[in-house]
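Structure first, commentary second.
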Amino acid sequence: MINNMDLSLVDWSRAQFALTAIYHWIFVPLTLGLSLIIAIMESIYVKTGNEEFKRMTKFWMTLFGINFALGVATGIILEFEFGTNWSSYSWFVGDIFGAPLAIEGIFAFFLESTFVAVMFFGWNKVSKKFHLASTWLVSIGANLSALWILVANGWMQNPVGMIFNPDTMRNEMVDFWAVLFNPSAIDKFTHTVFSGFLLGSVFVIGISSWFLLKKREPQLFRHSILISSIVGLVSSFLVAYTGDSSAKTMSKVQPVKFAAMEAHYYGKTNADLTAIGILKKSGSQIEDKEILDFAFRIKIPGFLSILTGGNTSTYVPGLYDLVLGPDSIKGIIPVFEKMNRGKFALNVLTDYKRGVMINDTQQVNLIRKEYFGNRDFMNEAFRYFGYGYLGKPSDAIPNVALSFYSFHVMVIIGGFLIALCILSLFFALRDSIEKHKWFIYISIISIPLTYLSSMAGWVLAEAGRQPWIIQDLMPVSRGVTQINTGSVIATFIIFAVLFTALLIAEISIMLKQIKNGPTPQEDKK
Amino acid sequence: MTGIAPIAKKVFRFYIEGFRDMSSWGKKVWIIILVKLFIIFLILRLFLFHDFLKSNFDNDNQRSEYVLEQLTKTPPKHD
């Protein structure tokens, strides 16, 4: 058990943040994806002058508008929670988080808020090209907003570009470019944005398929499917490519999470990748944590080694090796060793605090010079500061079943979506979608499946990082504010009600607008 | 200044006409946005979500001391 933690408070605070983030994420990927597809549709309209593409753009823009409007400000609640429920964490991350979020706010406000108005109010009031530019700027603005949020999240997965200041107790950014081009941030941004494009594409394919099923506006929706299939197919391959890159980075900077998502316990070369698997208890344990085995498994021989190192001879450490050793394997520092280093760093900080409290300037200056100003101490010990809070090595293992299933749900649905986009494009090019009713039904069902995949990706990213709120530096239990658990439970319930109401409002307004369909009369105004 | 006033007037009219001619779904969505913003900023922010460090401490020194205390209280013994 992690030392000195109020499990109830920590768990409720986590549940509250997870609930808010998941509901927020219902709105975001559709905004990212649909904004791009709309911009492409409008570009075709401006290029060809074909009114059908204008009607198409307006129809999808309506659905974009509903989603965009109902999603607005749901992310602000996450920022409230940082200040109220995660105050130690918020203080500790310092300007690392503040700078990207401030830039995000400026982009979001000036680009999205300004040009969204032109998108919706400006059809007959500004030139075609200015309107098109506004639509593109909304899309670019939305995706750039995502960049800064994901840079902040990337830092939580792999903290770089900062130095810890014991006087302010904050991490101070010393290298903006290292934070921006952090491999975890780049992977996260590209993977997330492309998955948003894919989700937007599947949304358009699914809704368009419903119109074809109802035999309404077939030409318009065939063209919608064609455009979104191209965007979807390109995006799906980019999602796979960036997912691969993300996994490679994870194997280096978060090897425990990487091993957990594959339920990979014992290190080996020529390690197999699990394509599909069902886990069961093995009866063995790593300390108090159950080792899971496969009740059913379809594996790809040697592919986990290829995924991480490019060849089958790459050694892939398992959870057992990472947590308990063996330390003879080059490059692995087992958790128990990191705990020693973390405890040492924690004791240095405690001594520093004692010096500050008794106003012992000599001791404070000495510790500052010998330790916090010493690169070796920062790289070899303080880097593992968070491990000082672990009670035993197995505390560093996240929930393996949750990590494994969320990863595999994401990947399996991702593979299915590649096939969907290929088929969709194939049928759209042959103008034969209506002849394949099964495909129409699958397209419609694919909409919730794509959301599920997107959510599963975030569950892996966040739950797989446990017990850390900042990888290796701070466990979740130390980031939480020591407030009354009852108030956290109360706000959890309020959010659950508020967000569910919002979701119901979104779905009902959207369904009504979908049923109304594109209205030719609107264009004559 | 003579150039800015007409532009500001045009922008103002652009928004006024935009809201006036808004479709029924747009009006519904705006009502939801306003209710949501009211709940978020006037209920959640004012009554439930105080910035813990800002509202409990007067300056950054006190805040950093508090966080230092939180991070170092009952530290485990160095092996």
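The values are calculated or read from the model by the stated rules, or taken from the named source; none is laboratory data. Quantities reported herein were computed from a predicted structural model and do not represent experimental measurements. Cβ atoms come from the backbone with ideal geometry, glycine included; neighbour counts cover every protein chain shown.
Out of the residues in region A:105-146 meeting the condition of being of a type in the set (Ser, Thr, Tyr) and within 14 Å of chain B (Cβ to nearest Cβ), tell me which one is surrounded by the most Cβ atoms within 10 Å (Cβ to Cβ).
Initially, region A:105-146 is screened for residues of a type in the set (Ser, Thr, Tyr), giving A:113-114, A:127, A:134-135, A:139, A:145.
Restricting the remaining residues to those that are within 14 Å of chain B (Cβ to nearest Cβ) gives A:113-114, A:127, A:134.
Values: A:113: 12, A:114: 14, A:127: 10, A:134: 22.
Top of the filtered list is A:134.
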Breaking point among (1) within 28 Å of residue A:34 (Cβ to Cβ); (2) at pLDDT 90 or above; (3) crowded, with 23+ Cβ neighbours inside 10 Å, for residue A:190: (3)
Test: residue in region A:456-467 that is away from every other protein chain (no Cβ under 14 Å), modelled with pLDDT of 95 or more, touching an Asp or Glu at 6+ places or on another chain (Cβ under 9 Å) and under 21 Å from residue A:154 (Cα atoms): no
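Restricting attention to region A:244-270, report how many residues are more than 24 Å from the chain's Cα centre (by Cα) and modelled with pLDDT of 95 or more.
From region A:244-270, those more than 24 Å from the chain's Cα centre (by Cα) are A:265-270; that's our starting set.
Adding the requirement that they be modelled with pLDDT of 95 or more leaves none.
Final tally of qualifying residues: 0.
Listed here are the residues, each with its yes/no results for (1) out of contact with any Cys (no Cβ under 7 Å at 6 or more places or on another chain); (2) free of Cβ contacts under 8 Å to residues at least 40 places away in the same chain; (3) in a helix (DSSP H, G or I).
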{"position": "A:149", "(1), (2), (3)": "yes, no, yes"}
{"position": "A:153", "(1), (2), (3)": "yes, no, yes"}
{"position": "A:160", "(1), (2), (3)": "yes, yes, no"}
{"position": "A:163", "(1), (2), (3)": "yes, no, no"}
{"position": "A:168", "(1), (2), (3)": "yes, no, no"}
{"position": "A:177", "(1), (2), (3)": "yes, yes, yes"}
{"position": "A:184", "(1), (2), (3)": "yes, no, yes"}
{"position": "A:188", "(1), (2), (3)": "yes, no, yes"}
{"position": "A:192", "(1), (2), (3)": "yes, no, yes"}
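Take residue B:7 and decide whether it is farther than 17 Å from residue A:116 by Cα, away from every other protein chain (no Cβ under 11 Å) and either free of Cβ contacts under 8 Å to residues at least 24 places away in the same chain or in contact with a Pro (Cβ under 7 Å, 6 or more places away or on another chain) (or both).
yes
Would you say residue A:305 is within 22 Å of residue A:397 (Cα to Cα), part of a helix (DSSP H, G or I) and out of contact with any Gly (no Cβ under 9 Å at 6 or more places or on another chain)?
Values: within 22 Å of residue A:397 (Cα to Cα): yes; part of a helix (DSSP H, G or I): yes; out of contact with any Gly (no Cβ under 9 Å at 6 or more places or on another chain): yes.
Yes: the conditions hold for residue A:305.
Considering only residues that are of a type in the set (Gly, Ala, Ser) and in contact (Cβ under 8 Å) with a residue 60 or more places away in the chain, which ones fall in region A:416-433?
Narrowing region A:416-433 to residues of a type in the set (Gly, Ala, Ser): A:419, A:424, A:428, A:432.
Residues satisfying the conditions are A:424, A:428.
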Residue satisfying all of: in region B:10-34; among the hydroxyl-bearing types (Ser, Thr, Tyr) and more than 7 Å from every other protein chain (Cβ to nearest Cβ); surrounded by the fewest Cβ atoms within 10 Å (Cβ to Cβ) among these: B:24
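Which residues, taken from region A:477-491, are surrounded by fewer than 18 Cβ atoms within 10 Å (Cβ to Cβ) and either within 24 Å of the chain's Cα centre (by Cα) or of a type outside the set (Ser, Thr, Tyr) (or both)? Before you say what the answer is, go through the steps one by one.
If we filter region A:477-491 for residues that are surrounded by fewer than 18 Cβ atoms within 10 Å (Cβ to Cβ), which is where we start, we get A:482-487, A:489-490.
A:482, A:483, A:484, A:486, A:489, A:490, listed by residue number.
I'd like the full set of residues that are among the polar types (S, T, N, Q), free of Cβ contacts under 8 Å to residues at least 40 places away in the same chain and in a helix (DSSP H, G or I), limited to region A:110-147.
Residues of region A:110-147 among the polar types (S, T, N, Q): A:113-114, A:124, A:127, A:134-135, A:139, A:143, A:145.
Pick out the ones that are also free of Cβ contacts under 8 Å to residues at least 40 places away in the same chain and you get A:113-114, A:127, A:134.
Listed by number, the residues that qualify are A:113, A:114, A:134.
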In region A:352-367, the residues that are within 14 Å of another protein chain (Cβ to nearest Cβ), surrounded by fewer than 18 Cβ atoms within 10 Å (Cβ to Cβ) and not β-branched (Val, Ile, Thr): A:354, A:357, A:359
Condition met for residue A:54 (surrounded by fewer than 17 Cβ atoms within 10 Å (Cβ to Cβ), of a type outside the set (A, V, I, L, M, F, W, C) and not assigned by TED's automatic domain parsing to the domain that holds residue A:157): no
Residue list for region A:239-280, restricted to those being within 19 Å of residue A:155 (Cβ to Cβ) and among the β-branched types (Val, Ile, Thr): A:242, A:249, A:253, A:256
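Which one of A:320, A:387 is within 30 Å of residue A:458 (Cβ to Cβ) and within 13 Å of chain B (Cβ to nearest Cβ)?
On the way: A:320 fails: within 13 Å of chain B (Cβ to nearest Cβ).
Answer to the selection: A:387.
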Test set (1) out of contact with any Ser or Thr (no Cβ under 8 Å at 6 or more places or on another chain); (2) more than 24 Å from residue A:170 (Cα to Cα); (3) of a type outside the set (Phe, Trp, Tyr) - residue A:103 fails condition number: (2)
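Please verify whether region A:231-241 includes one or more residues that are within 21 Å of residue A:463 (Cβ to Cβ) and out of contact with any Asp or Glu (no Cβ under 9 Å at 6 or more places or on another chain). Write out each step before concluding.
Of region A:231-241, the ones within 21 Å of residue A:463 (Cβ to Cβ) are A:239.
Right, trim to out of contact with any Asp or Glu (no Cβ under 9 Å at 6 or more places or on another chain) and you get A:239.
Yes, some residue in region A:231-241 is within 21 Å of residue A:463 (Cβ to Cβ) and out of contact with any Asp or Glu (no Cβ under 9 Å at 6 or more places or on another chain).
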Pairs with Cβ under 7 Å, 6+ apart, first in region A:478-496 and at the interface with chain B (Cβ under 9 Å from one of its Cβ atoms), second in a loop (DSSP other than H, G, I, E, B): A:481/A:86
Considering residues of region A:90-104 that are closer than 14 Å to residue B:64 by Cβ and buried (at least 23 other Cβ atoms within 10 Å of the Cβ) only, the residue nearest to the other protein chains (Cβ to nearest Cβ): A:91
Any hit, region A:268-277, residues being part of a loop (DSSP other than H, G, I, E, B) and either under 17 Å from residue A:407 (Cα atoms) or of a type in the set (Asp, Glu) (or both): yes
Subset of region A:37-80 [within 14 Å of chain B (Cβ to nearest Cβ), free of Cβ contacts under 8 Å to residues at least 40 places away in the same chain and part of a helix (DSSP H, G or I)]: A:64, A:69, A:76, A:79, A:80
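Take residue A:303 and tell me if it is modelled with pLDDT of 90 or more, exposed (fewer than 14 other Cβ atoms within 10 Å of the Cβ) and of a type in the set (Phe, Trp, Tyr).
On the way: modelled with pLDDT of 90 or more: yes; exposed (fewer than 14 other Cβ atoms within 10 Å of the Cβ): no; of a type in the set (Phe, Trp, Tyr): yes.
When the stated conditions are applied, residue A:303 does not pass them.
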For residue B:51: the one exception among (1) within 7 Å of another protein chain (Cβ to nearest Cβ); (2) buried (at least 17 other Cβ atoms within 10 Å of the Cβ); (3) at pLDDT 85 or above: (2)
Some residue of region B:62-73 being facing chain A (nearest Cβ under 8 Å), modelled with pLDDT of 85 or more, under 30 Å from residue A:490 (Cα atoms) and in a loop (DSSP other than H, G, I, E, B): no
